[in-house]
1. Collect the residues in the range 158-172 that are outside any strand (DSSP E or B) and either aromatic (F, W, Y) or more than 16 Å from I191 (Cα to Cα) (or both), keeping them in residue-number order.
2. May I ask you to list the residues in the range 78-88 that are over 17 Å from A64 (Cα atoms) and crowded, with 19+ Cβ neighbours inside 10 Å?
3. Quick check: anything in the range 196-211 under 27 Å from E89 (Cβ atoms) and in contact with a strand residue (DSSP E or B) (Cβ under 8 Å, 6 or more places away or on another chain)?
4. Name every residue in the range 1-53 that is under 30 Å from the mean Cα position of the chain (by Cα), of a type in the set (K, R) and in a loop (DSSP other than H, G, I, E, B), in order of residue number.
5. Criterion first (under 21 Å from T187 (Cα atoms) and acidic (D, E)) does D219 satisfy it?
6. Just to be sure, is S120 assigned by TED's automatic domain parsing to the domain that holds G275, closer than 20 Å to L263 by Cα and in a loop (DSSP other than H, G, I, E, B)?
7. Of (1) more than 17 Å from Y20 (Cα to Cα); (2) touching a Pro at 6+ places or on another chain (Cβ under 7 Å); (3) at pLDDT below 95, V60 satisfies all except one. Which?
Amino acid sequence: MKRSGAVKFPNSVQLFKFCYKVLMSQRGGKVHDQDVGSILSFNPSDCSHWKRGEKNVRSVFSLAKLSETLQVEPMLVHDVASGAVSLDEAYYEWQESNNFRAVVAKANECDPAVVAATRSRVEAFVAELHTQAQFSTPPLYLPEVMRFFSFITTQPADMMDRLSRILRVKTGQYQIQYRKGDLKAPTRMAIVKDLARIVFQGERSRFPELGDADTRLRDYEETIFTASLLAPKGPLLAEMAKLDNRKNVVAELAATFWVPKSLVGFQMADILRSGERPRVTVVAGEQVTAAESAAL
């Protein structure tokens, strides 16, 4: 006879499901419940209790063990265990963190001067979009930018198994569909990633300022575009300067810019990698970037 009633520890259920999905992705095949439980040396009974939410898994040592074994950022594991993020959001963060690492590793195989030139070119392209959209205060609202791409429309859609997808309506015309009623940070990022794919792959010839395509750096270009559009470095540093450093800076910035935490982490790491920290000045009590200051 099945037990009924509310789950005692719902966040533990989500943690189990998250670990299960990560493990299944890493192994590329079927995973048994006990494979997850064995990480914490649980016997089958304890594992079953954890899966059903009858056992609370929140100790610092347990979460650290899960993080170490699954190679997942400790903060993400803590966020799932505390209910700060949903299962879908957590899994998306994990996937994107892996994607960012892979993109950077591939870019590192190329000439550093070529990578730097590519980054500067894409960031300049995005800066022009921000100027046209009169973007000054985060978050960036996507319609403010999408209107400059007349050959692309967006449309919410039901029954989608992905956050967003690209439909080619006709030659040179596209529609980005996104999951209806779910315009959260991961969905916003998914839409911009699809926009990047269209711009840098399908319709690059419309934008000669992007230069010739280099297939080795295509993913890097699209990643820089996505990160720079949603969380440009200048405003990111300006907002960071306002924060109490006792708080979770990445989480605070992610909320301000309405983006996944993995995207903020990528931008902050890219500032350190490039060594080109955007200059921030103060005008009439407001912090602005050097480019914005020059335009005043």
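1. Once the filter is applied, which keeps residues that are outside any strand (DSSP E or B) and either aromatic (F, W, Y) or more than 16 Å from I191 (Cα to Cα) (or both), the range 158-172 yields M159, T171, G172.
2. Within the range 78-88, just V85 meets the criteria.
3. Yes, the range 196-211 contains at least one residue that is under 27 Å from E89 (Cβ atoms) and in contact with a strand residue (DSSP E or B) (Cβ under 8 Å, 6 or more places away or on another chain).
4. Of everything in the range 1-53, those that are under 30 Å from the mean Cα position of the chain (by Cα), of a type in the set (K, R) and in a loop (DSSP other than H, G, I, E, B) turn out to be K30, R52.
5. Numbers: under 21 Å from T187 (Cα atoms): yes; acidic (D, E): yes.
Spelling it out, D219 is indeed under 21 Å from T187 (Cα atoms) and acidic (D, E).
6. no
7. Of everything listed in (1) more than 17 Å from Y20 (Cα to Cα); (2) touching a Pro at 6+ places or on another chain (Cβ under 7 Å); (3) at pLDDT below 95, V60 misses just condition (2).
Each row is one residue, and each column tells you yes or no for (1) among the acidic types (D, E); (2) touching a residue at least 60 places away in the same chain (Cβ under 8 Å); (3) buried (at least 17 other Cβ atoms within 10 Å of the Cβ).
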| site | (1), (2), (3) |
| --- | --- |
| R179 | no, no, yes |
| I191 | no, no, yes |
| V199 | no, no, yes |
| R206 | no, no, no |
| A213 | no, no, no |
| L253 | no, no, yes |
| G265 | no, yes, yes |
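The values are calculated or read from the model by the stated rules, or taken from the named source; none is laboratory data. Since the structure is predicted, the reported quantities are computational estimates derived from the model, not experimental observations. Methodologically, a virtual Cβ is constructed for each residue, glycine included, from the backbone with ideal geometry; neighbour enumeration extends over all protein chains shown.
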